[in-house]
Ligand SMILES: CC(C)(COP(=O)(O)OP(=O)(O)OC[C@H]1O[C@@H](n2cnc3c(N)ncnc32)[C@H](O)[C@@H]1OP(=O)(O)O)[C@@H](O)C(=O)NCCC(=O)NCCS
């Protein structure tokens, strides 16, 4: 009820925090709505308790609205996923989530960041390019799609000074 009231009056600024393992089910649900191969609640929970994984969640008006997850190895990291609930997209939430996340990765000593993205995913590619990521490779037939089709992945990289 409080969440509904907050949404009705606009919700204020989004809150971004380190994700907690109790958010695993919400993350798995949001991820599953966006990707053909989803993650189980258990898979997400094991990521959230993994010390090499950095995770942030975004709430708007108290409602769970998005997340970003990265895995670190030495001074490099890979962004595993970033998702904003469809109903809240286009408001700059992913940009804010990614900016904060990149700042935390930099503070942990990460020097280079990588990710893979479907080459047809225009919103994500725009988000990443604006955040300074550049294409370093292309992997054909990387993502399985419904109906036996596939899509290529772009590998993007961003160095953190
Ligand atoms: C990618 C995603 C996280 C962007 O979330 P968002 O909160 O809508 O993004 P923002 O509002 O912060 O916008 C970020 C940029 O993406 C652009 N963008 C957002 N929606 C877009 C759309 N439908 N088409 C084209 N560009 C779009 C914005 O214009 C903005 O670019 P700009 O700063 O140059 O204007 C969201 O679309 C999503 O969750 N998609 C499904 C999951 C996914 O594909 N994740 C990435 C996979 S690696």
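Each value in this text was obtained by applying a stated rule to the coordinates, not by laboratory testing. Please read all numbers here as calculations on a predicted model, not as lab measurements.
By how many degrees, 0 to 90 and rounded to 10, does the Cα axis of helix 93-107 deviate from the longest principal axis of the chain? That works out to roughly 70 degrees.
Here the average projected area of the convex hull drawn through the C-alpha atoms of the chain stands at 10.0 nm².
For the chain, modelled as a GNM whose springs connect Cα atoms under 10 angstrom apart, the maximal fluctuation among 70, 46, 57 occurs at 46.
Highest mobility in the GNM of the chain, judged by mean-square fluctuation with C-alpha springs under 10 Å and restricted to 84, 136, 53, is found for 136. List the relative contact order of the chain as a percent without decimals, with contacts defined as Cα pairs under 8 Å and 6+ residues apart. For the chain, the relative contact order is 18 percent.
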